[in-house]
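Written out below as structure tokens is the structure these notes cover.
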Amino acid sequence: MEKLSNEALRAFRREADDRYKAFVARGVCLDLSRGNPAPEQLDLSRELLNAASDGDYLTSDGIDCRGYNGGVLGISEARHLFAPLLGATPDQVMASGNSSLALMHDALTFAYLHGVPGGSGAWHKAEQQTAFLCPAPGYDRHFRICETLGIRMIPVPMQADGPDMDVVEELAADPTVRGMWSVPQYSNPTGVTYSEEVVRRIAAMQTGAPDFRVFWDNAYAVHDLNETEQERVASLIEACMQAGHADRPFVFASTSKITLPGAGVAFFASSEANLSWFCHHVNRRTIGPNKINQLRHVRFLGDLDGINAHMSRHRALLKPKFDAVLSTLDEHLGGKDVARWTNPRGGYFINIDLHGGGARRVASLALDAGIRLTPAGATFPYGDDPADQNLRIGPSGGTVEALRTAAEGLSLSILLAAADGHLARRASAL
Ligand code: PMP
């Protein structure tokens, strides 16, 4: 578009506008805003609901899952089964309630109110405002927890192998920086898996705060879209132990996108000191988790092979949807130099970066055309994408056909916004 004459650019804009208006007239309606498994994915876990209905509610160590007994760590079968997904040993794992986000909220709130092992007290009492490093684009709900607690967020650029570690190491030397968010595998939204080198540097870096914590949200630990090219992030717990910083990682995961989001099991894993700190505070707010649901999950999924087999059934449903969106973006935007987008090997999102900005305009044009995207800017701390260029789309909902249509509408919105952006820049340069 850069190279078009003014006249050719205006003609391009007219055509883009005509195509966009014709699309709006089709009256489509699709939500690409969140990574929400479609009903047929939820059906894959139908038997989960019957998996503890045979009258046997006892765990292998004799705990009756129907009662209060057993404590806050969860049943040992669940801790064993999911420990590898957390890069942890079973004794480092807590199997908890239905939401890993709730555990992250708990962990940060406990740190804020009470402080963490090895620290100098409650973070909220620190003389200077506590800050967190936020690789961006990242997960909007992480950023909202910080915002709620008044923790200052510092964006760090994401690269192809994880956050820019030169920037992370420099910023982490500041003693007010007490933590960092990470979605280390098939990241939300970029699809990036942190390299071994990045994991090693996060584990080994010198931090200004002695109580620095990495919130390691491995939400997409087994969520491959590609059968043959599976990516697996190294264990942060192991790397931190080797580097002499055993208390640095707070690791989280859940079965939300393995079984049922909202009715799954969430996990926290960390060092002995952190786990006992976490148990202590969790035990103030609950006597114990839903052990029946944990038992159901263990019986339904069985073992790691069972999890892998189950995930391949998800993949069979998800992959054609990603492919439909990607091929439609290629068809309409390929070679136009208006955007670049990811072709992720796992996770739930396609990340689009618009050349020359205009993400807010695109999201609004798409919405007018019946396509809901994650609000532009949401993938950055404070909702502020400085280049206004990042869009996140979650293609898991809807049918393949509907997704193809939605990706067409999105492409037309991008083309129209790009043409307008170019015209506006040329006008202001006059
Ligand atoms: N972390 C990330 C990175 C996610 O993408 C999501 C869901 N979209 C969650 C956490 C939420 O997980 P949960 O359902 O376990 O709270």
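The values are calculated or read from the model by the stated rules, or taken from the named source; none is laboratory data. On a predicted model such as this, the values are computed, not experimentally measured, just so you know. Quick reminder, even Gly has a Cβ in these numbers, built from the backbone with ideal geometry, and neighbours come from all protein chains shown.
Restricting attention to the stretch 210-224, the residues being of a type in the set (D, E, K, R) and within 11 Å of the ligand (Cβ to nearest atom) number 1. Just one of the listed residues (P386, P375) is assigned to a loop (DSSP other than H, G, I, E, B) and either in contact with a Pro (Cβ under 6 Å, 6 or more places away or on another chain) or within 16 Å of the ligand (Cβ to nearest atom) (or both), namely P375. Does R296 fit the bill of being touching a helix residue (DSSP H, G or I) at 6+ places or on another chain (Cβ under 9 Å), in a helix (DSSP H, G or I) and not assigned by TED's automatic domain parsing to the domain that holds T89? In short, no.
Residues in the stretch 126-143 include none that are more than 16 Å from the chain's Cα centre (by Cα), of a type in the set (S, T, N, Q) and within 16 Å of the ligand (Cβ to nearest atom). When R178, R200 are checked against the criterion of being surrounded by 24 or more Cβ atoms within 10 Å (Cβ to Cβ) and either at pLDDT below 95 or of a type outside the set (V, I, T) (or both), a single residue qualifies: R178.
Does V251 qualify as being within 16 Å of the ligand (Cβ to nearest atom), outside any loop (DSSP other than H, G, I, E, B), within 20 Å of the chain's Cα centre (by Cα) and buried (at least 19 other Cβ atoms within 10 Å of the Cβ)? Outline the logic, then answer.
On the way: within 16 Å of the ligand (Cβ to nearest atom): yes; outside any loop (DSSP other than H, G, I, E, B): yes; within 20 Å of the chain's Cα centre (by Cα): yes; buried (at least 19 other Cβ atoms within 10 Å of the Cβ): yes.
Answer is yes for this residue.
Just one residue in the set L113, L101 is within 16 Å of the ligand (Cβ to nearest atom), surrounded by fewer than 20 Cβ atoms within 10 Å (Cβ to Cβ) and either within 30 Å of D353 (Cα to Cα) or free of Cβ contacts under 8 Å to residues at least 12 places away in the same chain (or both); that residue is L101. Would you confirm, using the coordinates I've provided, whether Y186 is among the aromatic types (F, W, Y), in contact with an Asp or Glu (Cβ under 9 Å, 6 or more places away or on another chain) and buried (at least 24 other Cβ atoms within 10 Å of the Cβ)? Yes; evaluated as a whole, the condition is true for this residue.
Being among the hydrophobic types (A, V, I, L, M, F, W, C) and surrounded by fewer than 16 Cβ atoms within 10 Å (Cβ to Cβ) is a description that applies to L367.
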